[in-house]
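Here's the structure we're looking at; comments come further down.
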Amino acid sequence: MEINLKPVKMEEKSVLSNLYQLYYYDFSEFTGQEVDKDGTYYANIDYFWEGDDRWKPYLIEVSGCIAGFVVVLLENLDTDPDPTHVIYDFMILKKFRRQGIGYAAAFKVIELYKADWLIAQMENNTPAISFWRKVLNNFTNENYTENFRETSKKYIQQFSTKDIEDL
């Protein structure tokens with residue numbers, strides 16, 4: 001099984017927009033977000049391609065089939081030449097879950113950049129918290145920090161890939 005990350009080009013925006021509908025549907029369990037009157041979730045992703053180089057959207061593909069997506073945000077790129085990288089959104093389609101695909105894709109994303117990283121999960125999204133703890137325990141050999149931010153009710157993990165030789 002070959003897992004690849006494919007940068008999403010502007011002409012593929014509709015593919016990512018469609019995937020965001022599924023993402024928000026899954027995520028509504030934790031956010032309580034309702035669909036709009038037209039039966040869709042509001043998902044404006046135009047800014048990913050509007051001259052803002054901080055956003056790096058990727059499709060996650062398994063043997064050529066779309067299995068999900070990830071969006072990396074280069075936080076403060078406009079003011080910091082060495083920005084912190086944030087895994088902003090990450091989604092694996094249900095059909096591909098519990099097969100190690102998300103785990104492998106997470107590793108591939110982190111290996112893309114030598115950077116300081118942040119990953120956040122909502123307090124009530126226990127599957128995501130467990131997933132990212134497993135990924136980071138293995139990727140960093142337990143060399144990451146985790147804090148809970150009471151104001152945002154989120155767990156935040158921080159780590160760096162700057163000193164890893166084999167990236």
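The values are calculated or read from the model by the stated rules, or taken from the named source; none is laboratory data. Remember, it's a predicted structure, so these values are computed and weren't measured experimentally. Cβ placement follows ideal geometry from the backbone for every residue including glycine, while neighbour counts extend to all protein chains displayed.
For segment 1-117, which strands (runs of 3 or more DSSP E) that fit wholly inside it have 3 or more residues that are crowded, with 19+ Cβ neighbours inside 10 Å?
Strands (runs of 3 or more DSSP E) meeting the threshold: 55-62, 65-75, 84-92.
Any idea how many residues of segment 93-122 are among the β-branched types (Val, Ile, Thr), in contact (Cβ under 8 Å) with a residue 60 or more places away in the chain and under 17 Å from Phe159 (Cα atoms)?
Within segment 93-122, residues that are among the β-branched types (Val, Ile, Thr), in contact (Cβ under 8 Å) with a residue 60 or more places away in the chain and under 17 Å from Phe159 (Cα atoms) number 1.
Is it true that Tyr20 is modelled with pLDDT of 90 or more and out of contact with any Ser or Thr (no Cβ under 7 Å at 6 or more places or on another chain)?
yes
Given the condition buried (at least 16 other Cβ atoms within 10 Å of the Cβ) and closer than 20 Å to Lys56 by Cβ, answer yes or no: does some residue in segment 139-150 qualify?
Scanning segment 139-150, I find at least one residue that is buried (at least 16 other Cβ atoms within 10 Å of the Cβ) and closer than 20 Å to Lys56 by Cβ, so the answer is yes.
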